[in-house]
Amino acid sequence: MSAASLNVLGPAQCTVDGQPAPAELLWRKHLALLVYLARSPRRARTREHLIGLLWSERDEKAARHSLSEALRVFRRVLGDERVRAEVDQVSLAEDAVTLDCDELAARSAAQDWAAAARPIRGRLSRSRSPPAPNTAITLPLVSRRAAASTFSSESGVWA
């Protein structure tokens, strides 16, 4: 069984069992779907929700095909047992993906501030302020904004 590790606190990066992820997994919407499912309650969402979120510009048949293709890639990379697709719902096994933003949240909850700051790379690690408000919203940016909200710019420590 393979497991993906996603770094979204900074430029998005993905590895599978410590190795660079296959190119198909890094396709923009595939990566967005993987992060979104991993951050969803119970790591699950309905097919309709995912199609509306990622493929709303396509007709229903093409959108369903795109979702099915993304799930095929996930199964090939992560293993069939880690990707569940039922008639109306898609989910990931708990051990399918690890996220640096989850590590940040756990370390922050434990008030281990030095360890909480370790996973953050890129702009947030060089600045005490979140990205500019006119920056296009992406899943990694949403994670950076969530991380920035736990940082007190007045005291310079994680709150």
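No value in this document is a laboratory result; all are computed from the given coordinates. The structure presented is a predicted model; accordingly, all values stated were derived computationally and were not measured. Please note: Cβ atoms are built from the backbone with ideal geometry, for glycine as well, and neighbour counts cover all protein chains shown.
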Q: First check a/c for the stretch 4-97, with a ≥ b ≥ c the square roots of the eigenvalues of its C-alpha gyration tensor; if it is under 1.5, answer rounded, and if not, answer prolate when a/b is larger than b/c or oblate otherwise.
A: prolate
Q. Applying the Karplus parametrisation 6.51 cos²θ - 1.76 cosθ + 1.60 with θ = phi - 60° to the phi angles of the stretch 32-38, what ³J(HN,Hα) value in whole Hz is obtained for each residue in order, glycine and proline being reported as x?
A. 4, 5, 4, 5, 4, 5, 5
Q: Subtracting the Cα-Cα distance from 0.36 nm times the residue separation, let me have the gained length for Arg75 to Ala109 in nm, one decimal.
A: 9.0 nm
Q: Within 10 Å, count the other beta carbons around each residue, average over each peptide in 69-79, 51-61, 30-40, 111-121, and list them highest first.
A: 30-40, 69-79, 111-121, 51-61
Q: Under 20 Å from a label point 7 Å along Cα→Cβ of Gln89: give me every residue in the stretch 40-73 with its amide N that close.
A: 40-54, 67-68, 71-72
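Once R0 is set to 30 Å, what does the formula 1/(1 + (r/R0)^6) return for the Cβ-Cβ distance between Arg121 and Ser68, expressed as a FRET efficiency to the nearest 0.05?
Details: r = 33 Å, r/R0 = 1.10.
Given R0 = 30 Å and the Cβ-Cβ separation, E is 0.35.
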